[in-house]
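J.: I am attaching a structure below and will ask some questions about it afterwards.
The values are calculated or read from the model by the stated rules, or taken from the named source; none is laboratory data. Since we're looking at a predicted model, the values are computed, not measured. In this analysis, Cβ positions are derived from the backbone assuming ideal geometry, glycine residues included, and neighbour counts consider all displayed protein chains.
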Amino acid sequence: MSYGDPSRYIQQIYVTEECRDNDYAREIIERSRLPFTVIGNHERPDIPGRYPDNLTHGKHHLLLSRYRGQFFKPCPATREYTCCDYQVLNIGMGCPMDCVYCILQAYLNNPWISFFVNVEDLFKELDQAFAVNPETFFRIGTGEFTDSLALDSLTGFSPHLVNYMRDKKHAVLELKSKSVVIKNLEGLEHGGRTLVAWSLNSPPIMEREEIRTASLEQRLAAAAQCAEWGYRLAFHFDPIIWHDGWQEGYRSTIRRLFEVIPADRIAWISLGALRYLPSLKAIAGKRFPQSTFFYEEFIDGLDGKSRYFRTQRVEMYKLLADELARFTAPDTCVYFCMESETVWQEVFGYTAHDKGGLRNMLDQSVR
């Protein structure tokens, strides 16, 4: 079933005692029209069962709380593979959608979804980072530990981010989603500093393995609308998954993408084959016994994650890269997420280093 707005899956809101009088928390509760419960600052929402067995049920529950950690920090990459030097802005934890391959199942240990309402601290942290590094160009994303837009009809947070970013000449924000919750982006003076991005996949993978997400046609229609509103776009084929008919599946998605979206509106497109923490296989296998893609042959990567054999990854990458090359605009950056320079050379005929580094390639596509 397709959920254009996955926040409809939320049935109960919790708010911590210290946030019960927070104006933003009260705004979210009022907008949601959902029942809410005030809990102690160190209490946990009442979700029966143990994690991860209670994860499906936990996705019905949203916790509004104060975040005491660091909102803004580099993407947790690894030195063994080429990294794009992305900066993560942590607005919450968890997601109402339920992709079989989602790494958060193994990374988090709470079944509920969290959204952090002390946004004044978030923006203060961004101010400080920009002031300390005035010449550094930042590419920032909110989609590392949650979906950037899945809860936006409840939180209304995207306009705050877009309005903040519009005059930041040395930064760009990427809002990445598998939903189509874009209403709050309409009519904003974004100054070209916000990109809206979607994860795409082969149609069978999107239909079977990406639960409560928007369909391919819904995602592309939302992207086309954002392009009309003046936003630059990005797309991510990640994870690329080996399955029966994968060749035609990915070809069809790419062709449909460029039938709907003007090529010159796309800033970048990433490619990344399935990789996962070993613990994810057991968790996802138990939660989604009908899924079989975890039972292909994998090796241990240099980052400790399970990966397809390099020859298999290169075969998949070459097909997608060749198909994309038929349609992409000259300024669109097509790149690998977390791959070795050997794979870059085998697929593209050059490495990111040859082009001045991946960070430079991406920065130039949006400067």
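J.: Restricting attention to segment 300-312, which residues are surrounded by 14 or more Cβ atoms within 10 Å (Cβ to Cβ), farther than 23 Å from Ile254 by Cβ and in contact (Cβ under 8 Å) with a residue 40 or more places away in the chain? Give the steps one after another, and end with the answer.
T.: Here is the first cut: in segment 300-312, the residues surrounded by 14 or more Cβ atoms within 10 Å (Cβ to Cβ) are 301, 303, 305-308, 310, 312.
Checking which are farther than 23 Å from Ile254 by Cβ leaves us with 301, 303, 305-306.
Those that are surrounded by 14 or more Cβ atoms within 10 Å (Cβ to Cβ), farther than 23 Å from Ile254 by Cβ and in contact (Cβ under 8 Å) with a residue 40 or more places away in the chain: Gly301, Asp303.
J.: While we're looking at this one, here's another question. Would you check which residues across segment 15-72 are under 15 Å from Phe157 (Cβ atoms) and among the hydroxyl-bearing types (Ser, Thr, Tyr) and list them?
T.: Tyr24, Ser32, Ser65, Tyr67
J.: With the requirement that a residue be under 22 Å from Leu257 (Cα atoms) and surrounded by fewer than 21 Cβ atoms within 10 Å (Cβ to Cβ), what does segment 177-196 give you?
T.: Lys183, Glu186, Gly192
J.: Quick check on segment 135-154. Is at least one of its residues part of a strand (DSSP E or B) and among the small types (Gly, Ala, Ser)?
T.: Yes, the conditions are met somewhere in segment 135-154.
J.: So which residues in segment 240-299 are closer than 22 Å to Thr311 by Cα, touching a residue at least 60 places away in the same chain (Cβ under 8 Å) and part of a loop (DSSP other than H, G, I, E, B), if there are any at all?
T.: Result: Ile241, Trp242, Leu274, Leu277.
J.: Which members of segment 29-52 meet the condition of being within 28 Å of the chain's Cα centre (by Cα) and surrounded by 13 or more Cβ atoms within 10 Å (Cβ to Cβ)?
T.: Scanning segment 29-52 gives Ile29, Ser32, Leu34, Phe36, Pro45, Ile47, Tyr51, Pro52.
J.: Step by step: first the residues of segment 313-351, then only those that are in contact with a Gly (Cβ under 9 Å, 6 or more places away or on another chain) and in a strand (DSSP E or B), then the one that is farthest from Tyr250 (Cα to Cα). Which residue is that?
T.: Selected residue: Glu339.
J.: Still on this structure, I have one more. Could you check how many residues of segment 197-225 are buried (at least 24 other Cβ atoms within 10 Å of the Cβ), closer than 18 Å to Arg265 by Cβ and in contact with an Asp or Glu (Cβ under 8 Å, 6 or more places away or on another chain)?
T.: So the answer is 1.
J.: Which is under 30 Å from Val314 (Cβ atoms) and under 15 Å from the mean Cα position of the chain (by Cα), of Ser179, Ser270, Ser202, Ser252?
T.: On inspection, the qualifying residue turns out to be Ser270.
J.: Could you grab the pairs with beta carbons closer than 7 Å, sequence gap of 6+ or different chains, first residue in segment 12-39 and more than 19 Å from Gly58 (Cβ to Cβ), second one among the aliphatic types (A, V, I, L, M) and part of a loop (DSSP other than H, G, I, E, B)?
T.: If the second residue must be among the aliphatic types (A, V, I, L, M) and part of a loop (DSSP other than H, G, I, E, B), the pairs left are Cys19/Val117; Asn22/Val117; Tyr24/Val117; Ala25/Val117.
J.: Right, here's the next one. Anything in segment 116-168 that is over 21 Å from Ala223 (Cβ atoms), among the acidic types (Asp, Glu) and at pLDDT 95 or above? List them, or say none.
T.: Glu120, Asp121, Glu125, Asp127, Asp167
J.: For residues that are in contact with a Pro (Cβ under 9 Å, 6 or more places away or on another chain) and not polar (S, T, N, Q), scanning just segment 29-49, find the one that is nearest to Leu280 (Cα to Cα).
T.: Selected residue: Gly49.
J.: Further question on the same structure: Give segment 328-345 a look and list any residue that's out of contact with any His (no Cβ under 8 Å at 6 or more places or on another chain) and buried (at least 16 other Cβ atoms within 10 Å of the Cβ), or say none.
T.: Thr328, Thr332, Cys333, Val334, Tyr335, Phe336, Met338, Glu339, Ser340, Val343, Trp344
J.: Turning to a different aspect of this structure: In the list Ser177, Ser202, which residue meets the criterion of being modelled with pLDDT of 95 or more, of a type in the set (Ser, Thr, Tyr), under 22 Å from Tyr107 (Cβ atoms) and out of contact with any Pro (no Cβ under 6 Å at 6 or more places or on another chain)? Can you show your working first?
T.: Values: Ser202 fails: under 22 Å from Tyr107 (Cβ atoms).
Exactly one residue qualifies, and that residue is Ser177.
J.: Among the numbered criteria (1) modelled with pLDDT of 95 or more; (2) surrounded by 18 or more Cβ atoms within 10 Å (Cβ to Cβ), which single criterion is violated by Gln12?
T.: Going through the list (1) modelled with pLDDT of 95 or more; (2) surrounded by 18 or more Cβ atoms within 10 Å (Cβ to Cβ), Gln12 breaks only (2).
J.: Residues that are more than 18 Å from the chain's Cα centre (by Cα) and aromatic (Phe, Trp, Tyr): does segment 152-170 have at least one?
T.: Yes: segment 152-170 contains one or more residues that are more than 18 Å from the chain's Cα centre (by Cα) and aromatic (Phe, Trp, Tyr).
J.: Another question, if that's okay. What single numbered condition from (1) more than 30 Å from Ala224 (Cβ to Cβ); (2) in contact with a helix residue (DSSP H, G or I) (Cβ under 6 Å, 6 or more places away or on another chain) fails to hold for Glu135?
T.: Every listed condition holds for Glu135 apart from (2).
J.: Can you name the condition, by its number, that Arg68 falls short on among (1) over 18 Å from Thr142 (Cβ atoms); (2) surrounded by 14 or more Cβ atoms within 10 Å (Cβ to Cβ)?
T.: Exception for Arg68: condition (2).
J.: Could you tell me whether segment 308-316 includes any residue that is out of contact with any strand residue (DSSP E or B) (no Cβ under 8 Å at 6 or more places or on another chain), within 29 Å of Val172 (Cα to Cα) and modelled with pLDDT of 95 or more?
T.: Scanning segment 308-316, I find no residue that is out of contact with any strand residue (DSSP E or B) (no Cβ under 8 Å at 6 or more places or on another chain), within 29 Å of Val172 (Cα to Cα) and modelled with pLDDT of 95 or more, so the answer is no.
J.: If you don't mind, another one. Do any strands (runs of 3 or more DSSP E) lying entirely in segment 28-128 carry at least 2 residues that are of a type outside the set (A, V, I, L, M) and under 24 Å from Ser177 (Cβ atoms), and which ones are they? Walk me through how you get there before you give the answer.
T.: Working: elements: 36-39, 61-65, 72-74, 87-89, 113-116.
Ranges flagged: 61-65, 72-74, 113-116.
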